[in-house]
1. Between residues in region 59-75 that are among the acidic types (Asp, Glu) and residues that are near the ligand (Cβ under 6 Å from one of its atoms) and assigned to a helix (DSSP H, G or I), which pairs lie under 7 Å by C-beta distance while being six or more apart or on different chains?
2. Looking at 40, 96 in this structure, which one is modelled with pLDDT of 95 or more, over 26 Å from residue 123 (Cα atoms) and crowded, with 22+ Cβ neighbours inside 10 Å?
3. Restricting to region 28-50, give me the number of residues that are among the aliphatic types (A, V, I, L, M) and either assigned to a helix (DSSP H, G or I) or under 15 Å from residue 16 (Cβ atoms) (or both).
4. For region 200-220, give me each residue that is surrounded by fewer than 20 Cβ atoms within 10 Å (Cβ to Cβ), over 15 Å from the mean Cα position of the chain (by Cα) and closer than 24 Å to residue 55 by Cα.
5. For region 11-21, give me the residue count where each residue is surrounded by 13 or more Cβ atoms within 10 Å (Cβ to Cβ) and either more than 12 Å from residue 45 (Cβ to Cβ) or of a type in the set (Ser, Thr, Tyr) (or both).
6. Among the helices (runs of 4 or more DSSP H) contained in region 51-140, which hold 1 or more residues that are within 14 Å of the ligand (Cβ to nearest atom) and over 27 Å from residue 34 (Cα atoms)?
7. For residue 148, which of the numbered conditions (1) within 14 Å of the ligand (Cβ to nearest atom); (2) within 16 Å of the chain's Cα centre (by Cα); (3) among the aliphatic types (A, V, I, L, M) fails to hold?
8. Which condition from (1) within 12 Å of the ligand (Cβ to nearest atom); (2) of a type outside the set (D, E, K, R); (3) more than 28 Å from residue 125 (Cα to Cα) is the one that residue 31 breaks?
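The values are calculated or read from the model by the stated rules, or taken from the named source; none is laboratory data. Because the structure is predicted, anything quoted here is derived from the model rather than measured. For neighbour counting, all protein chains shown are included, and Cβ atoms are generated from backbone atoms with ideal geometry for every residue, glycine included.
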Amino acid sequence: MRDIWGNVDEYFISSLHQQDRVLEHVLQANHEAGLPAIDVSPTQGKFLYLLAKLKGAKRILEIGTLGGYSSIWMGRALPEDGKLVTLEYSQKHAEVARGNIKKAGLETKIEIMVGPALESLPMLKDKGYSSFDFIFIDADKSNNPHYLKWALAYSEPGTVIIGDNVVRNGRVADQKSEDVSVQGSRALIDLLAKENRMEATALQTVGSKGYDGFVMGIVK
Ligand SMILES: C[S@@+](CC[C@H](N)C(=O)[O-])C[C@H]1O[C@@H](n2cnc3c(N)ncnc32)[C@H](O)[C@@H]1O
């Protein structure tokens, strides 16, 4: 099946995406620096870009930068005075991302904060960020419930919150799973189920990156 999903992704990308030398360079730079290829796929990146545009997002928060591939997609959706803050634990990933973001010409719009996201999140207020209108959670999945709580703390009515990789090859449906990432995804879904400040759903996806999915919601 994975071949078919990959072929279909290739067809969509060659039909609907312009050739993009910057993003090709980003993936190459990530590969050369030895970063794992766990960035969103091109169609998922463009999906995030379109959602941020639909929202008219001016303030975006991302948790989990890697080499900045998804940051660049979402950063491109920002207006002139827009800002994206992205949180990354690894100094090395952040350095590669910094180079990529500069190459994309987005260094004035995208700020990287290095360190454990749970330490960076409380500091955003001191940096002048009181709320965000679009939040993408894509870091260590075991901390997803904490990230949702922080995302809500930095939300206002209408804020869009998206979490990546919640399907995990279907393992999310296994309530006995011992995989901490599956448990983190399930804890996130369980929190959302009880959260009356949000309307949410989850979508399964297949493609060049396999079988996974997003959870997404809007703050009431
Ligand atoms: C799936 S990758 C992010 C992919 C990126 N959003 C993209 O699509 O291009 C997850 C990233 O989260 C980072 N990470 C893991 N634990 C973290 C933590 N506690 N705080 C901040 N970042 C963390 C990892 O180092 C990795 O770079």
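1. 62/70
2. Numbers: 96 fails: over 26 Å from residue 123 (Cα atoms).
None of the other options fit; the residue is 40.
3. Step one: of region 28-50, the residues among the aliphatic types (A, V, I, L, M) are 29, 33, 35, 37-38, 40, 48, 50.
Then keep just the ones that are either assigned to a helix (DSSP H, G or I) or under 15 Å from residue 16 (Cβ atoms) (or both); that gives 29, 48, 50.
Final tally of qualifying residues: 3.
4. 200, 201, 204, 218, 220
5. If we filter region 11-21 for residues that are surrounded by 13 or more Cβ atoms within 10 Å (Cβ to Cβ), which is where we start, we get 12-13, 17, 20.
From what's left, either more than 12 Å from residue 45 (Cβ to Cβ) or of a type in the set (Ser, Thr, Tyr) (or both): 12.
Residues flagged as surrounded by 13 or more Cβ atoms within 10 Å (Cβ to Cβ) and either more than 12 Å from residue 45 (Cβ to Cβ) or of a type in the set (Ser, Thr, Tyr) (or both) within region 11-21 amount to 1.
6. On the way: elements: 69-75, 91-103, 117-123.
Helices (runs of 4 or more DSSP H) meeting the threshold: 117-123.
7. Condition not satisfied by residue 148: (1).
8. With respect to (1) within 12 Å of the ligand (Cβ to nearest atom); (2) of a type outside the set (D, E, K, R); (3) more than 28 Å from residue 125 (Cα to Cα), residue 31 is out only on (1).
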